[in-house]
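Reviewing the structure listed below.
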Amino acid sequence: MFGLGLPEMAIIGVIAVLIFGPKKIPELGSALGKTLKGFKDEMSKSQVESSEATDAAELGAEDSKKPE
């Protein structure tokens, strides 16, 4: 994960505990999880909207090709 090994992750964890305190770490993790979930939901929603727009454009192009 980003070229970080176990020793580097441990050092980052210790520094985080020193900066934020042990009581604040779970709150920060929860907030980060909610943020990532919201970001993921918005990305998937935009992909669905994009594919729907593409499908609608293709259907419109097919309808215009039909002879009347």
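Quick notes on this structure:
- Residue order, fewest to most beta carbons within 10 Å, for Lys34, Lys23: Lys23, Lys34
- Residues Ile12, Ile25, sorted so that the one with the fewest Cβ neighbours within 10 Å comes first: Ile12, Ile25
- A simple spin-label model places pseudo-atoms 7 Å from Cα toward Cβ; at Asp41 and Ala10 they are separated by 3.8 nm.
- Note that the range 33-49 has calculated 3J(HN,Hα) couplings of x, 5, 5, 5, 5, x, 5, 5, 4, 5, 5, 5, 5, 5, 5, 5, 4 Hz, one per residue in order, obtained from phi through the Karplus relation 6.51 cos²θ - 1.76 cosθ + 1.60 (θ = phi - 60°); glycine and proline are x.
Read-outs: derived from the displayed coordinates by stated rules, not from any lab. Bear in mind the structure is a predicted one, so any value in this text is a computation, not a measurement. When we count neighbours, we look across all protein chains shown, and the Cβ atoms used for this are built from the backbone with ideal geometry, even at glycine.
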